[in-house]
Structures are given as C-alpha cells and as structure tokens.
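Reviewing the structure listed below.
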C-alpha cells in the first residue's frame, strides 16, 4: 500500500506533530512536579483536593489529547514516503524512546488515580527522580531525529 498522498501535506503534518509534542512534553514536565508538591501536603489538607483537580485536568484535557495527536501525526509522518530510512539505527532508538515516553505517561496516569484515593505511590524523592525521565527521553529523541548519528 502506498501513502504518496501524504507527501504534499508533509510540512503540515510535521508542524502539527511538533505542536502536539510540545503540548505533551509540557504536561510530562509539569505533572511530576505537581506530584512533588502534592506529596508536601497531608491528604486531609484542602490543598490536596486542589492538586487532585489540577492533576486530573492536566492529564485529561491536555496530556491525553496531546499524546494521541502526537502518535497520530507521528504515524502519518513515518508513513510518508521517503521520510524514514527503515535501515537506519537512529529510527529504532527514537521509536523505543517514544514508547518509553508513552509508558511514562501511563505511569503518571496510574499515579494520578492513586493520589485521587489519597495514596502516595512514591516518595517525594522518587518523584524528583521521575521528574527527570521526560528530559532524558526528549534529549535522546531530538538527537536521533536531528543528528541521525547512526
């Protein structure tokens, strides 16, 4: 099956993909930070309820749609003829990193449900470490796409 019809829309698909990635990354950077702040208040504290609302809205209204859009536009990009050299190694590492980013998103969503139940799925230090995961993955992804080192 050929996807030649995608070629004329390539720059638009790429632009929408980047917009989606930026929105998704903003959420991936901010939600763990909210969890760190959430860990600093007792479950019965009124601020805990505020964090629950902020976390739910961030995940449901921004992060989930942005992740879905990122995947849709990303898949359209790789289906566009001539965009990906399937033999190149950079592509495989980039794709593995995107899968890891999606797993991280899922992990954050599971943690949000735990916070909603007034459970604390990690320590504050654990969340501080987790807060670095999207940065490391983003660096790998950008280097693979721009530099294509192998």
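Whenever a residue of region 111-126 is part of a loop (DSSP other than H, G, I, E, B), its partners that are surrounded by 11 or more Cβ atoms within 10 Å (Cβ to Cβ), lying with C-beta atoms within less than 6 angstrom and at least six residues away or across chains, give the pairs 118/43; 121/111; 121/114.
Going by the conditions given, is residue 100 surrounded by 12 or more Cβ atoms within 10 Å (Cβ to Cβ), under 16 Å from residue 21 (Cβ atoms) and without any contact (Cβ under 8 Å) to a residue 40 or more places away in the chain? The answer is yes for residue 100. Candidates 31, 99, 18, 76: the one that is more than 20 Å from residue 134 (Cα to Cα), modelled with pLDDT of 95 or more and part of a helix (DSSP H, G or I) is 76. Only one entry in 143, 137, 108 is part of a helix (DSSP H, G or I), touching a residue at least 60 places away in the same chain (Cβ under 8 Å) and either touching a helix residue (DSSP H, G or I) at 6+ places or on another chain (Cβ under 9 Å) or surrounded by 11 or more Cβ atoms within 10 Å (Cβ to Cβ) (or both), namely 108.
Scanning region 1-15 for residues that are surrounded by fewer than 15 Cβ atoms within 10 Å (Cβ to Cβ) and assigned to a helix (DSSP H, G or I) gives 4, 5, 7, 8, 9, 11, 12, 15.
The values are calculated or read from the model by the stated rules, or taken from the named source; none is laboratory data. As the structure is a prediction and not an experimental result, all values here were calculated from the model. All Cβ positions, glycine included, derive from the backbone under ideal geometry; neighbour counts span all protein chains shown.
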